[in-house]
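Report on the structure given below.
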Amino acid sequence: MSDVEALKAEIKKLSAKAINAKMNLHDLSEDLPVNWTQIMSVAQAAHDAFAALEAARASLKARETA
C-alpha cells in the first residue's frame, strides 16, 4: 500500500472519529444543563478529532501536489 493510499485510509478513520465527536458534542448540548461539567472534555475531544483530520487532509494534499 502506498503512502497516499495509507493516508487516505487514515483520513477515513479520522473522519469517522470526527463525526462521532461532533455527535457527542451535539448530544451533550441537547441535554444541557444536565452533564454541563462534561462540556470542556467533550469539546476538547471534538477539537482534537477535527484538528487531526485537518492535518491529515493537508498532508495528503501536499503529497498529491508534490
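Readers should treat all values here as calculations from the given coordinates under stated rules, not as data from a laboratory. Predicted model, so just to flag it, every value in this text is computed and none were measured. Glycine gets a Cβ as well: all are built from the backbone with ideal geometry, and neighbour counts include every protein chain shown.
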Please give the calculated 222 nm ellipticity per residue for the chain, where each DSSP H segment of at least 4 residues contributes -39500 (n - 2.57) and the sum is spread over every residue; nearest 500 deg cm²/dmol?
-> -30500 deg cm²/dmol
Which net charge results when you count Lys and Arg as +1 and Asp and Glu as -1 among the other residues whose beta-carbon is under 11 Å from that of LEU14?
-> +2
Using a cut-off of 12 Å between beta-carbons, work out the net charge of the residues near VAL4 (Lys and Arg +1, Asp and Glu -1, VAL4 not included).
-> -1
